[in-house]
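Below: one structure in structure tokens.
Only the coordinates and a few stated rules stand behind these numbers; no lab work does. Just so it is clear, the structure is predicted and the values come from calculations on it, not from any experiment. Cβ placement follows ideal geometry from the backbone for every residue including glycine, while neighbour counts extend to all protein chains displayed.
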Amino acid sequence: MATQHDPGLVDFIGVTYHDPRFPQPLLEDIDFSIAPGEAVTLTGPSGSGKTTALGLALGASQISRGEVLVLGRNPSRLSGAELTQLRTRVGYVAQHGALLGNLSLLDNLALPLRYHRHTDERQTSTLMAAACALLDLDLDDVPRVQPAMASAEMRHLVALAKALVLEPLILLLDEPGSGLGGNAAREYWRLLTQLRSRRPLAMLIAATDLPSDRIAADRTIALPPRVEHVRERG
């Protein structure tokens, strides 16, 4: 049952989501709110609905019961243009980054600015550099290569900078640092913690495993296993 709480930048209010392929709900009576500067991590095994919850915040699916509010608006009730506008205020980092392989790292980073803001080259470079600086990355140090030619660490950093380049209020992260080695993964999570001190983002993080040294979140919500053998749903 939904509980009363102050509205946040992201609100899940008694949310239940049924995947039509399965008899039981993938998410059931999920209730939380994320305030500016706060981070919530959803943990659980594959198939527990972590990635699905991120998709609901992006308006990618319709919930079965309850309500999802992002910046006070229900994504599922918005027109296409309104949803696109809302998504410019929400940064999203997919698992492994999901950079476009036919574009260079720099063009991937510039893509949101060129598509949504139509900035000129000077403005684009300024905003790209600002996003990189939040991660202690110099724009000049980003290789002029396609993602497949870059290190895993650089791909993850560029994907995160890309999610920040439109100066969002909310950041959604799916399995942060997935595929990175131990030290590199710890450094990535350190950057997430540092980012929170530099920008009052509301973060929603989906993570199958959350070692004790990864302390980016204020709260952790453990989702129970729901569906077996569904890897894509996370």
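Classify region 103-167 from the C-alpha gyration tensor, please: rounded if a/c falls under 1.5, else prolate or oblate depending on whether a/b exceeds b/c. Display every interim value, and only then the final one.
Working: a/c = 1.78, a/b = 1.42, b/c = 1.25.
Prolate.
Hey, what angle do you get for helix 152-164 against the long axis of the chain, alpha-carbon based, 0 to 90 degrees rounded to 10?
70
On to the next question. At q = 0.18, 0.19, 0.24, 0.25 Å⁻¹, what is the base-10 log of I(q)/I(0) for region 1-97 according to the Debye formula with one equal point scatterer per Cα and no solvent? Please give it to two decimals.
-0.87, -0.98, -1.48, -1.55
Could you tell me what % of all Cα pairs in the chain have separations over 22 Å? Mind dumping the intermediate values first?
Numbers: 14175 of 27261 pairs.
Tail fraction, whole percent: 52.
Take every DSSP beta bridge whose two residues both sit in the chain, then give the antiparallel share in percent to the nearest 5. Walk me through the numbers on the way to the answer.
On the way: 11 of 29 bridges.
Bridges in the chain that DSSP calls antiparallel: roughly 40 percent.
Quick one: net charge around ALA202, please, counting Lys, Arg +1 and Asp, Glu -1 for every other residue with C-beta under 11 Å from its C-beta.
Details: positive: ARG89, ARG196, ARG199; negative: ASP11, GLU38, ASP218.
Combined, the nearby Lys, Arg, Asp and Glu give 0.
If you don't mind, another one. Expressed as a rounded percentage, what relative contact order does region 85-189 have, with Cα pairs under 8 Å and six or more residues apart?
Here the relative contact order equals 46 percent.
Still on this structure, please answer the following. Neighbour counts of other C-beta atoms within 10 Å: give me ASP136, ASP31, ASP19, ASP174 arranged from fewest to most.
On the way: ASP136 12, ASP31 16, ASP19 19, ASP174 23.
Lowest to highest Cβ neighbour count: ASP136, ASP31, ASP19, ASP174.
Continuing with the same structure: Packing-wise, with mean Cβ within 10 Å as the measure, how do 89-99, 118-128 rank, highest first? Write down the numbers at each step before the final one.
Values: 89-99: 19.6, 118-128: 14.4.
For the peptides 89-99, 118-128, the packing ranking is 89-99, 118-128.
Among THR52, THR88, THR43, which comes first, then next, by fewest other beta-carbon atoms within 10 Å?
Details: THR52 25, THR88 14, THR43 17.
Going from sparsest to densest Cβ surroundings: THR88, THR43, THR52.
Pull up all non-local amide H partners of GLY91: gap of 5 or more, or a different chain, and H-to-H distance under 5 Å with H placed in the peptide plane.
Counting only residues 5 or more places away or on other chains, the set is LEU169, ILE170, LEU171, LEU172.
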